[in-house]
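S.K.: Below you will find the structure I want to go over with you.
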Amino acid sequence: MALNLAKTVRDYLQSNQNQKFTAREIAIWIYQTYPDECQDKQRRSDALQSKDDLIQQIVREIASQRPRLQRKHPQIRTTEGRPRKYYFTEQSESEEVNAAEVEVSDSKASSESKPKEHDLYPLLSEYLWTEFSLYSKRIDEKRSSNKRGPNGNKWLYPDVVAMEDLSSEWHQEVKDCVGQYADKRTKLWSFEVKLLINRSNIRECFFQAVSNSSWANYGYLVASEIEGTDTLKELRMLFSAHGIGLIQLDIDNPADSQILVPAKERLEIDWDTANRLTVENKDFLDFVKLVRQFYQTGDPRASAWDLVAP
């Protein structure tokens, strides 16, 4: 009997609701679960000379059938980035976001429950140091003056800021010359971090990043999960208008995180906005002090930043 791939994929995802699988993981499961059908498929094609050839062919067919499968079964959704993952859920997209953000309060919850947003900050700092040698700092809005009442700072502060030392490999004479001549020894970065971005929260997340990062040379929206091809398309469209970049953070291996959309550089720091953040938030004040001390001494004081390798 020939294998009905679309039905098989749907049934497998539906029986494992809210669990995410790559196309290759699904293909391997199909190969193990339907050996007779798979062997028959292999016999009918001269191009499928081995088990790996067959599994890779099933992977390609799953990918090609994805748009039609999702139109017919909207409960089947996918993540973006590499590798794309497939899953089945009865939740609306806004319910998915709420579920991702809800704190685990049940004392019986598994220790392997999904990470919370604050768990992403050290992973992001690790990635930024490993990939770009950025000195990063967490900005905690709870350390703000909160003069504007509840949620008054939601669109004001980024979650993480960073300094890039452009002069780390310069000759000392060049460092001294530039220090006297102009402010060209650093680039300042800003990051807004989210657990999950999909079509229900994409614009709010993006424009929060725009608002929170308006002062910096580079502004990024960071997410551990990005769901839906349309989500990524809209993010790229918004980037073309506002220049905010996009990072997908790999929580299992931060070094494998990806810049899906690179940020546009702003040539000048908006010091008026930076001053407002400095006045109202102690963490941002500490960040500015570190940048100022770097300009004075040429020493970034690595131990003062978050998760910088010794």
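S.K.: From the residues in segment 137-164 that are assigned to a loop (DSSP other than H, G, I, E, B), more than 18 Å from the chain's Cα centre (by Cα) and of a type in the set (D, E, K, R), which one is modelled with the lowest pLDDT?
M.R.: R148
S.K.: Also, I was wondering about something else. Among the helices (runs of 4 or more DSSP H) lying completely within segment 1-107, list those that include at least 2 residues that are within 30 Å of R203 (Cα to Cα).
M.R.: Hits in segment 1-107: 5-15, 51-72, 93-101.
S.K.: For the list (1) modelled with pLDDT under 65; (2) closer than 24 Å to K289 by Cα; (3) not charged (D, E, K, R), I need the number of the one condition that V102 fails.
M.R.: (2)
S.K.: Right, something else. Return the only residue of S200, S214 being within 21 Å of K142 (Cα to Cα), more than 14 Å from the chain's Cα centre (by Cα), part of a loop (DSSP other than H, G, I, E, B) and among the polar types (S, T, N, Q).
M.R.: Criteria check complete, one pass: S214.
S.K.: Under 9 Å by Cβ, and 6 or more places apart or on different chains, what pairs join a residue from segment 227-242 that is in contact (Cβ under 8 Å) with a residue 12 or more places away in the chain with one that is part of a helix (DSSP H, G or I) and loosely packed, with under 12 Cβ neighbours inside 10 Å?
M.R.: Pairs that qualify, where the first residue is in contact (Cβ under 8 Å) with a residue 12 or more places away in the chain and the partner is part of a helix (DSSP H, G or I) and loosely packed, with under 12 Cβ neighbours inside 10 Å, are T229/P67.
S.K.: When you go through I62, I30 one by one, which is the residue that is out of contact with any Ser or Thr (no Cβ under 7 Å at 6 or more places or on another chain) and in contact (Cβ under 8 Å) with a residue 12 or more places away in the chain?
M.R.: I62
S.K.: Give me the residue from segment 235-250 that is in a loop (DSSP other than H, G, I, E, B) and under 9 Å from the mean Cα position of the chain (by Cα) and, out of that set, surrounded by the most Cβ atoms within 10 Å (Cβ to Cβ).
M.R.: L249
S.K.: Hey, any hits in segment 13-24 for a residue that's surrounded by fewer than 16 Cβ atoms within 10 Å (Cβ to Cβ), more than 24 Å from R84 (Cβ to Cβ) and either out of contact with any helix residue (DSSP H, G or I) (no Cβ under 9 Å at 6 or more places or on another chain) or not basic (K, R) (or both)?
M.R.: no
The values are calculated or read from the model by the stated rules, or taken from the named source; none is laboratory data. It should be emphasised that the depicted structure is a prediction, and the values quoted were computed from it without experimental measurement. Positions of Cβ are generated from backbone atoms using ideal geometry, with glycine treated the same way; all protein chains shown enter the neighbour counts.
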